Protein chains: 2
Amino acid sequence: MSDFSIRRLDAGSPGFSDDLDRLLAWESVADQQVESTVADILRQVRVRGDAAVIEFTNRFDRRDLKRAEEFCLDTSALHAALERIPASSRDALQAAASRVREYHEHQLQSSWQYQEADGTILGQQITPMERVGIYVPGGKASYPSSVLMNAIPAKVAGVDEIQMVVPAPDGQLNDLVLAAAAIAGVDRVFTIGGAQAVAALAYGTDSIRRVDKIVGPGNIFVASAKRAVFGQVAIDMIAGPSEILVICDGETDPDWIAMDLLSQAEHDEQAQSILLCPDAAFLDAVERSLEKLLKTLPREAIASRSIAERGALVLVQDIQQAIDVSNRIAPEHLEVSVSEPEQYLPRIRHAGAIFLGRYTAEALGDYCAGPNHVLPTSGTARFSSPLGVYDFQKRSSIIYCSEQGADKLGRVASTLARGEGLDAHARSAEFRVSDGDD
Amino acid sequence: MSDFSIRRLDAGSPGFSDDLDRLLAWESVADQQVESTVADILRQVRVRGDAAVIEFTNRFDRRDLKRAEEFCLDTSALHAALERIPASSRDALQAAASRVREYHEHQLQSSWQYQEADGTILGQQITPMERVGIYVPGGKASYPSSVLMNAIPAKVAGVDEIQMVVPAPDGQLNDLVLAAAAIAGVDRVFTIGGAQAVAALAYGTDSIRRVDKIVGPGNIFVASAKRAVFGQVAIDMIAGPSEILVICDGETDPDWIAMDLLSQAEHDEQAQSILLCPDAAFLDAVERSLEKLLKTLPREAIASRSIAERGALVLVQDIQQAIDVSNRIAPEHLEVSVSEPEQYLPRIRHAGAIFLGRYTAEALGDYCAGPNHVLPTSGTARFSSPLGVYDFQKRSSIIYCSEQGADKLGRVASTLARGEGLDAHARSAEFRVSDGDD
């Protein structure tokens, strides 16, 4: 393919800020047609339960289900898949799962309390959610790593039951996905997908129990259904295309950096790969590497379109300027491929995951380093975090006033409540004040 | 008023489960007309910025703004309000703020790292958001306590800049609200409201900077606008009507319990107050207290309608059954007005805030006990937490592989990536494997 191209930008040029805005511009399309289709599916499943799930599944996934039991898999089916897959895959999945589990155990949060001088106790009780639903896409984008990354944090949090949905178009299922579900400790799997699966998880049916939170990626129907049930249940973020920003000092092998950029680009044509470097000759070298390596990729068509349309090689003045640009982008994946990278950590303000040093390929984080690969995209690292154990725990405030504490606090509350015109609030507090006149 | 009534239920009766479902039934109304009005306002503000904000504000709040500066208040205006209010209010606000601050400091989360035997470092870097917007309703529901509860956690988190919007219908502003903003450390206040204020915070204008998160309650236009910009910025939950569930052993003064129920009921007609008690005679006593106390409330009309339409006195077999019912309801506020209440804490699975003991009136938590009064409503305590410092911090994963670590992890990643058909991922990892053939 001779149509290789990648955008070149210079962070020192006067038009850079506008160039960057144009490069980053991406918005999820809100599709009226999709939204009304999804609204209908949600309504039908809510009212008719399993019958509607069966109908939509037969229609969209070309299946021939007669009864709800036919889309239910129990743990024995998952363990059978685990036995069927090659030993090398089984070992790799188990190694990855064990590292992901260990890392996430560091995220567990505990209840806390403190007592004041007058005996009043304040704190928070932290508890796991009861039931969580994991959406796993079917077909080509059915990734076992995604099962591990979504299920293990919930398991570590102590969630009672994990239900997974994965569509089986034409009845096809991916054994690696089922095996990953077995390893991650998923309790029940339903071979359904689309908005109908989201609806079944959000509202419950005779065979699928209502969950408290739905996580996992999906197509526009799934994303639209998740947005529609948000509030009814919790959801994770609505992910945009994957992105990587690499900051390099020019001393890493350009083939390594090029392949790191391509590992994002091969995901999909909307994926975004950007390199920031103060060395123009190194940018040239990476450009040559990209052109050379692209030709060797099975997913060349996707990757070269992503690189051409959304990629960029950006000349910066120095690493500090690169970090400033990165903070403005708030990238999903940030690779800091420089010597002594740890010195820059305190200056990095917004990023989903930070990969430090020349040896830390972003792909390691996708699979087995330990941290989660579900990360905030499209600049949402400004306000969002990687998926974690904290996403499956929730908090209850604890307030236990002593008689003396209620007396003291009651006076303050009474003044403030009367200032807001809420008399019952004031008097409820005053009842507990020792010389209250109520 | 002789039309006092409150529903009586018996948790031991066969129809109780259905009765409870009917009692709890509440759904936020999705109003097509509101949504399309809001979509237009968002679009106009996005495109025309301050000019659109001025137009909508003049139209909806009956104001006569000519320039954007007229809706901007700086901190000197806030401090002037703090000087104007009565000393008792100032003292009470300052006392409340200081307790809220101290409690929330316990929620601060810190970055963490650990190093593996081969030198690989894993962890999370925790950082504050840069800029947050707080919505404060205008008119009668303009509550200074709400300013403290929304702004202080952001301040404790280390957010760089807090912008507050509060509408000034007919030019009227509440000095207590401005004073609370001064105490809480709000940086800038804009006297605008509605969907146009949400839009200005989400997209930014010439005079209002784009924020990372918008928090705070509002009417249906505000809620609808927040839902629409969700994803573009973070938002807090969309709150439903306030609710209280009281579990009492029958030994607390019935007037105290009745007033606690009324302190929710006076909020609005949709508010919900439920009492669970194993002592039927106590339920009778609370019913008499409710009737008696209602007549003495300035907000009697609202409270009696809330009690009649959404309230309930429920007979339970024992405290354990009361807790089971409570866990099913997942109440916003749970008062456990019994002796030795701490023994029940481990069995309480879902609640926004737990008020233990006879002296802990829920109203203390609304104002000054320390914990936040922004709590999950309508059963969302199954998956949501009180507003807290954690809502204004976010996390970045840290991965720093040693050469040896990259060698080990690269082999696992390579196997898994090839299993998913992602060759560039595999080869990016293999480049860092010592005997990799790339």
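FYI, it's all coordinate maths here, none of it is from the lab. Here the structure is a predicted model, which is why all the values come from computation and not from measurement. Glycine also receives a Cβ, built like all others from the backbone with ideal geometry; neighbour counts cover every protein chain displayed.
In terms of its alpha-carbon gyration tensor, region B:32-235 comes out oblate; a/c meets the 1.5 threshold, while b/c is at least as large as a/b. The relative contact order of chain B comes to 19 percent, based on Cα pairs under 8 Å that sit 6 or more residues apart.
Cβ crowding within 10 Å ranks B:76, A:428, B:289, A:111 as B:76, A:111, B:289, A:428, fewest other Cβ atoms first.
Max-minus-min Cα coordinates of region A:132-177 on each principal axis give 35, 16, 13 Å, with the largest extent listed first. Taking other C-beta atoms within 10 angstrom as a stand-in for reagent exposure, A:162, A:302 fall in the order A:302, A:162, fewest first. The fewest-to-most ranking of B:296, B:120 by surrounding Cβ atoms within 10 Å reads B:296, B:120.
Each copy carries a label point for residue B:219 at 7 Å from Cα toward Cβ; from one copy, the others' points are 4.2 nm away, ordered from shortest. Take every Cα pair under 8 Å whose residues are at least 6 apart in sequence, average their separation, divide by the length of region A:32-235, and the relative contact order is 29 percent.
The protein assembly as shown gives an Rg/Rh value of 0.98, both radii derived from C-alpha positions and Rh following Kirkwood.
Per-residue mean of foreign Cβ neighbours for A:258-265 is 5 (Cβ atoms of other chains, 10 Å radius). Distance from the C-alpha centroid of region A:186-214 to that of region A:1-55: 24 Å, rounded to the whole angstrom. Over region A:115-251, the pair-distance histogram of Cα-Cα distances with 5 Å bins from zero comes to 2, 9, 19, 20, 17, 10, 6, 5, 5, 4, 2, 1, 0, 0 percent, rounded to whole numbers. Couplings 3J(HN,Hα) for region B:369-381, derived from phi with the Karplus relation 6.51 cos²θ - 1.76 cosθ + 1.60 (θ = phi - 60°), are 5, x, x, 6, 9, 8, 10, x, 10, 6, x, 6, 5 Hz, where x marks Gly and Pro. Just so you know, the averaged projected area of the alpha carbon convex hull for region A:283-334 sits at 4.4 nm².
Helix B:75-84 axis versus longest C-alpha principal axis of chain B: approximately 20°, rounded to the nearest ten. On a per residue basis, the convex hull of the C-alpha atoms belonging to region B:48-150 measures out at 181 Å³. Taking 19 Å as the limit for the C-alpha separation, the pairs A:155/B:408; A:155/A:213; A:394/B:394 exceed it in the case of A:155/B:408.
Angle, helix B:175-184 long axis vs. longest principal axis of chain B, Cα atoms, 0 to 90°, nearest 10? The two axes meet at around 40 degrees. In terms of the Cα gyration tensor, with a ≥ b ≥ c the square roots of its eigenvalues, is region A:218-367 rounded because a/c is under 1.5, prolate because a/b exceeds b/c, or oblate? Here region A:218-367 falls in the oblate category. Since only A:111, A:378, B:339 are under comparison, the one whose Cα sits farthest along the positive direction of the charge dipole of the protein assembly as shown, derived from C-beta charges on Lys, Arg, Asp and Glu, is A:378. Positive contributions from Lys and Arg (+1) and negative ones from Asp and Glu (-1), summed over other residues with Cβ under 9 Å from the Cβ of residue B:376, come out at +1. Using every pair of alpha-carbon atoms in region B:32-104, split the distances into 10 Å bins beginning at 0 and state the percent of pairs per bin, rounded to integers. Going out from 0 Å in 10 Å bins, region B:32-104 shows 16, 27, 23, 28, 7 percent. Along region A:405-421 the Karplus relation, 6.51 cos²θ - 1.76 cosθ + 1.60 evaluated at θ = phi - 60°, assigns HN-Hα couplings of x, 5, 5, 5, 5, x, 5, 5, 4, 4, 4, 5, 5, 5, x, 9, x Hz to successive residues, with x for each Gly and Pro.
Helix A:300-310 and the long axis of chain A differ in direction by around 70°, with both axes built from C-alpha atoms. When only Cα pairs below 8 angstrom with a gap of at least 6 residues are kept, region A:220-376 shows a relative contact order of 24 percent. Distance from the alpha carbon centroid of region B:120-142 to that of region A:334-374 works out to 24 angstrom.
The residues neighbouring residue A:251, those whose beta-carbon lies less than 12 Å from its own, together hold a net charge of -3 under the Lys/Arg +1, Asp/Glu -1 convention. Computed on chain B, the Cα convex hull volume stands at 205 Å³ per residue.
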